[in-house]
Amino acid sequence: MTRPSRLSFSRRALAGSTGLLLGAGLLAACGGGESANVIRFFTFNEASFATAAQACTDQSGGDYEIVVELLPNQADQQREQLVRRLAAEDSTVDLMALDVIWTAEFAAAGWILPWEGEAAAAASEGVLGGPLESATFDDTLYAGPFTSNTQLLWYRKSLVPEPPSTWDEMIDMAEEIGDGGTIQVQGNRYEGYTVWINALIASAGGQVITDDPLNPAADLDNEATTAALEVVSRLANSSAADPGLSTSNEGTGKDAFNAGTSAFMVNYPFVYKDASINGAEGVFDDIGYAVYPGIDGPSAPPLGGINIGVGSYTPDKELAFEAATCLIGDDNQLNSAIAGGLPPTRAALYDELKDATGVDLDGDMEISGAQEEDTPVYPFADELRESIDNAAPRPVTPRYNDVSLALQRSLHPPSDVDPETGAQAANDLVQAALEGKALL
């Protein structure tokens, strides 16, 4: 079968696909003679996902029609709507875009079906370790890895000839640079802070909770957590810290780096394209990139992304899995990477990403907002693939939300973190969260 052109979608064209699919969904919802082969796909408003839905509908030859049902853009609101529907055993939820941290909760509640047989083999083949682990609960695959994400270390080449491999090296370099040597991280009390803490702990050889997914326990009162918190405390109380560290997030860090006032930043790949559009003069040409720093040895970068779950109450499970398997196919993953900035989950696709530029391969349609023509979109594809393969998933537990809040409550603000007492305090509050005893 001839593969469609992967880069021939502009943002405007993608948005148009979304509108067409949503229109079909609204007509069906109004009782307009909905056919039995409609597969409803609940997802946030990502145009490349709508394009994938339309492509799979076309490829099915009439076997099914994937209709996009929009969820809110905020992840917590997406989860809330899905939980309400699934708790009510809503049979219209055929497929859903799941944040990687929801797998355990939805699987333990019986809301999503396990992937088995040919579907499991197709969903697992060639997938990087981090994304595959994020779709797994209790040694069973419960979702199809679709898109992934991780953070890289971004730096100013004019200030940093060789990128550091550890956090201590980076802080040393930043302090030596002086003015302009600031390090941008996510220090606000929100999920991004949990992501940073979890990556540090994993890099030090530790984990937030034990490995038993059904009966986990807090596992923070140890040397690994202490080592991680020493990095947090040292950075927060050093001259390398941004004055707004305790309220910083991905956006504020990106803006500060674009302004040319920072030497280092840990952040997601979207910042590269943004710097080409919004960076101060000379910033984009000065950007270097490397794998995420570690504590003493290998790093354990953060892991994000979207997996496709099949709802337990879908009336046609076989057709739903067929549609889900199509959605996570190679072409759709590549289109989401190029048009949506969402990296793929399969290792081999990164070789193709290295050749992708701001225009399609035939040069007839520019990707809206891309860098200048023929500028690579993912020149850091190798670093990205390595980072995603070595990434550290966040704790796997049905009580993840409470665990995340417990870390944020016990270890914030960064400047007040005491590595010795902080490890014990975090351990106690996480354990209470796991036992349902903490009001968070």
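FYI, it's all coordinate maths here, none of it is from the lab. Since this is a predicted model, take the numbers as computed values, not measurements. Using ideal geometry, Cβ is built from the backbone for each residue, glycine included, and neighbour counts are taken over all protein chains shown.
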| note | Once amide hydrogens are built 1.01 Å from N within the peptide plane, the residues lying 5 or more places from Ser238 or on another chain with amide H under 5 Å from its amide H are none
| segment 121-193: translational diffusion in µm²/s, Stokes-Einstein, Kirkwood Rh over Cα pairs, 20 °C, 1.002 mPa s | 136
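Return the inverse of the average 1/r over all pairs of distinct C-alpha atoms in segment 188-260, which is the Kirkwood hydrodynamic radius, in Å to one decimal.
Values: mean 1/r = 0.0726 Å⁻¹.
In segment 188-260 this quantity evaluates to 13.8 Å.
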| request: Assuming R0 = 22 Å, can you tell me the calculated FRET efficiency for the pair Asp138 and Asp428, based on Cβ-Cβ distance, to the nearest 0.05? | output: 0.25
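Where both residues lie in the chain, what percent of DSSP beta bridges are antiparallel, nearest 5? Write out the running numbers ahead of the final one.
Values: 26 of 40 bridges.
Approximately 65 percent, going by the DSSP bridge assignments.
Cα convex hull of the chain: mean projected area in nm², to one decimal? Can you show the working numbers first?
Values: hull surface 82.1 nm².
Seen from a random direction, the Cα hull of the chain projects 20.5 nm² on average.
Please find the FRET efficiency linking Ala121 to Glu281, where r is the Cβ-Cβ separation and R0 is fixed at 41 Å, and quote it to the nearest 0.05.
On the way: r = 51 Å, r/R0 = 1.25.
With R0 = 41 Å, the Cβ-Cβ based efficiency is 0.20.
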| field | Gln184 long-range amide H proximity, modeled H, under 5 Å | value | Phe264, Met265, Val266
| message | Once you place label points 7 Å from the Cα toward the Cβ at Asn237 and Ala217, how far apart are they in nm? | response | 3.2
| task | Could you work out how far helix 47-59 tilts from the main Cα principal axis of the chain, as a 0 to 90 degree angle to the nearest 10? | result | 30
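How high is the relative contact order of segment 42-149? Use alpha-carbon pairs under 8 Å, at least six apart in sequence, and give a whole percent.
Working: 94 pairs, mean separation 24.4, N = 108.
In percent, rounded to a whole number, it is 23.
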| task | Return the whole-Å distance between the Cα centroid of segment 425-440 and the Cα centroid of segment 195-209. | result | 17
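I need to check one value: relative contact order of the chain, counting alpha carbon pairs closer than 8 Å and at least 6 residues apart, in percent.
Values: 867 pairs, mean separation 113.7, N = 440.
Result for the chain is 26 percent.
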| query | Label Asp58 and Lys157 with points 7 Å out from Cα along Cα→Cβ: what is the distance between them in nm? | reply | 3.9
| remark: Computed ³J(HN,Hα) along segment 314-327: with the Karplus parameters 6.51/-1.76/1.60, θ = phi - 60°, integer Hz and x for glycine or proline, the list is 4, x, 10, 5, 5, 5, 5, 5, 4, 5, 5, 5, 5, 4
| In sequence order, what are the phi-derived ³J(HN,Hα) couplings for segment 389-406 according to the Karplus relation 6.51 cos²θ - 1.76 cosθ + 1.60 with θ = phi - 60°, rounded to whole Hz, with x for glycine and proline? | 5, 9, 5, 9, x, 6, x, 9, 7, x, 9, 4, 4, 5, 4, 4, 5, 5
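At 0.36 nm per residue, and after removing the present C-alpha to C-alpha distance, how many nm does the segment from Thr261 to Asp355 gain when stretched out fully?
Extra length from Thr261 to Asp355 when fully extended: 30.7 nm.
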| field | Normalised per residue, the volume of the convex hull around the Cα set of segment 238-325 (Å³) | value | 193
| said: I want to check the label-to-label distance for Glu80 and Asp316. Put each point 7 Å from Cα in the C-beta direction and report it in nm to one decimal. | reply: 3.4
| remark: Expected vector for segment 214-219, Karplus 3J(HN,Hα) from phi with 6.51, -1.76, 1.60 and θ = phi - 60°, integer Hz, x for Gly and Pro, equals 8, 9, x, 9, 4, 9
| request: Towards the positive end of the charge dipole of the chain, with charges on Cβ (+1 Lys, Arg; -1 Asp, Glu), say which of Ala275, Ala356, Thr226 has the farthest Cα. | output: Ala275
| Relative contact order [Cα under 8 Å, 6+ residues apart], segment 121-259, whole percent | 25
| query | Which residues' amide hydrogens lie under 5 Å from the amide hydrogen of Gly279, considering only partners 5 or more residues apart or on another chain, with H built in the peptide plane? | reply | none
| task | Please find, in a Gaussian network model of the chain (springs between Cα atoms separated by less than 10 Å), the residue of Gly309, Gly244, Gly117 whose mean-square fluctuation is greatest. | result | Gly117
